[in-house]
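Okay, structure first, notes after.
The values are calculated or read from the model by the stated rules, or taken from the named source; none is laboratory data. Remember, predicted model here, so these are calculated numbers, not experimental data. We place every Cβ from the backbone using ideal geometry, glycine too, and count neighbours over all the protein chains shown. Quick note on the areas: whole protein, heavy atoms, side chains included, nothing else; ligands and nucleic acids left out. Shrake-Rupley method; radii C 1.70, N 1.55, O 1.52, S 1.80 Å.
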Amino acid sequence: MKNRQARLAARPSGTPKRTDWSFTEEDVAQPREGEFLVKVSHISLDPAMRGWMAEGRSYIPPVQIGEVMRAGTVGEVIASRGERFAPGDHVTSWLGVQEYAVCPESAAFPVDPSVAPLTTYLGALGMPGMTAYFGLLDVGEPKEGETVVVSGAAGAVGSVVGQIARIKGCRAIGIAGGPEKCGWVAGELGFDACIDYKSADVAAALREQCPEGIDVYFDNVGGEILDAALARLARGGRVVICGAISQYNNLESMRGPSNYMSLLVNRARMQGFVVLDYMARYPQAQSEMAGWIGEGRLIAREDVAVGFDSFPEALARLFAGENVGKLVLKVAG
Ligand SMILES: NC(=O)c1ccc[n+]([C@@H]2O[C@H](COP(=O)([O-])OP(=O)(O)OC[C@H]3O[C@@H](n4cnc5c(N)ncnc54)[C@H](OP(=O)(O)O)[C@@H]3O)[C@@H](O)[C@H]2O)c1
């Protein structure tokens, strides 16, 4: 059996493109004692991949030139030389952009396709869902009746943030690009409103939607939208720095917030976080969120691109704003 892989070939300038990867093919490796072999079914496509392609200090080392591109995966165990997993089991792990991978038993989590589709374990029940849960509840500390604003509201993290805010008794205001996304967020997802930043004056819309100010601003995009939210903070507001996708393709000269004195005036705080720090608590969050999905209180949506070879173009969809919900790549035909 042959294994196809996408390896980092060059550090991108601007949006990653096909020539930033090389596609290689080699024999499928066989598991040793304590390992198992996975046939990857879906690969997670995340904005963070852009950061991992860049050189420099971050919360995790960069992918080196020539290495298989780092990515979260779900797949089926097809051979095992350990006790924890048997052929036919499904697992999630960080196996990278490849079709097959050998995995140590300690580096994978079991997933149950009878609870939710496999793809949901890369979305609402996976890393983005954990990001929404811990970023909002632990860092944002929303209280019932407060107003929570989230950017990237139609994406993997943002769509879950607003729904959890509603579950906790808050008003949820989304910010997303385009009428289709905003219609989905304020309609099916049940947010109180969604601002289309591509057509609206975001500062004016925030004044209208948040007359008492913003208690929690969950930022996925940075740039001008972060500034507009800072200007509208309520006294004691919390700004959760989750990501800054509007700046990821311009890492050399990032735009920082200019309205930061609003933190002083409003006795507010702004705090970043990395979801990996909460790993020990994932099982508790996952079981609570699986319960919400089962009760129909949390809608999980995945946007599935198909075909291993289309990996570079599928990833670029994130930066063009073409995904609705969690973007994943389906490997197998
Ligand atoms: N801190 C952590 O531990 C952690 C963990 C996971 C993810 N994150 C961060 O969370 C954020 C969301 O990730 P995700 O996986 O949920 O991605 P996503 O929201 O599913 O997809 C990316 C979305 O970002 C929006 N976007 C792209 N370029 C933009 C721009 N220039 N200005 C404004 N919006 C833009 C697009 O939506 P529109 O069409 O609405 O613009 C696009 O659909 C990212 O910043 C990511 O790095 C952080």
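For segment 33-84, give me the residue count where each residue is assigned to a strand (DSSP E or B) and under 18 Å from the mean Cα position of the chain (by Cα). Of the residues in that region, 5 qualify.
Could you go through segment 297-306 and let me know if any residue there is surrounded by fewer than 19 Cβ atoms within 10 Å (Cβ to Cβ) and over 18 Å from the mean Cα position of the chain (by Cα). Within segment 297-306 (the criterion being surrounded by fewer than 19 Cβ atoms within 10 Å (Cβ to Cβ) and over 18 Å from the mean Cα position of the chain (by Cα)), the answer is yes, since at least one residue qualifies.
Could you list, ordered by first residue, the pairs with Cβ atoms under 7 Å in which the first is in segment 244-264 and free of Cβ contacts under 8 Å to residues at least 60 places away in the same chain and the second is open to solvent by 60 Å² or more (accessible area, probe 1.4 Å), at least 6 apart or interchain? As it stands, the answer is Q247/M254; Q247/R255; N259/A231; S262/A231; L263/R269; L263/M270, since those pairs meet every condition given.
For C170, the criteria (1) crowded, with 22+ Cβ neighbours inside 10 Å; (2) within 16 Å of the ligand (Cβ to nearest atom) hold in every case but one, which is (2). Counting only residues that are near the ligand (Cβ under 8 Å from one of its atoms) and of a type outside the set (D, E), segment 300-322 holds 5 of them. Just one of the numbered conditions (1) open to solvent by 50 Å² or more (accessible area, probe 1.4 Å); (2) closer than 26 Å to V157 by Cα; (3) touching a residue at least 60 places away in the same chain (Cβ under 8 Å) is not true of W94: (3).
Out of the residues in segment 1-17 that are closer than 13 Å to R50 by Cα and of a type outside the set (A, V, I, L, M), state the one that is surrounded by the most Cβ atoms within 10 Å (Cβ to Cβ).
Let us first name the residues in segment 1-17 that are closer than 13 Å to R50 by Cα, namely 8, 10-17.
So of that shortlist, the ones also of a type outside the set (A, V, I, L, M) come out as 11-17.
Values: R11: 14, P12: 17, S13: 13, G14: 11, T15: 14, P16: 23, K17: 14.
It comes out as P16.
Any idea which residue in segment 221-245 is surrounded by the fewest Cβ atoms within 10 Å (Cβ to Cβ), counting only those that are among the aliphatic types (A, V, I, L, M) and in a helix (DSSP H, G or I)? The extreme case among them is I245. Selection of segment 18-36 for residues being open to solvent by 60 Å² or more (accessible area, probe 1.4 Å), in contact with a strand residue (DSSP E or B) (Cβ under 7 Å, 6 or more places away or on another chain) and of a type in the set (D, E) yields E25, E26, D27.
Of the residues E224, E188, which is more than 9 Å from the ligand (Cβ to nearest atom) and farther than 18 Å from P142 by Cα? Step through it out loud before you land on a result.
Values: E224 fails: more than 9 Å from the ligand (Cβ to nearest atom).
After applying the criteria, what remains is E188.
Looking only at residues in segment 277-289 that are of a type in the set (A, V, I, L, M) and open to solvent by 30 Å² or more (accessible area, probe 1.4 Å), which one is farthest from V216 (Cα to Cα)? The selected residue is A280.
Across segment 250-276, the qualifying residues are those that are crowded, with 16+ Cβ neighbours inside 10 Å and not in a loop (DSSP other than H, G, I, E, B), and the one among them that is nearest to the chain's Cα centre (by Cα) is V275.
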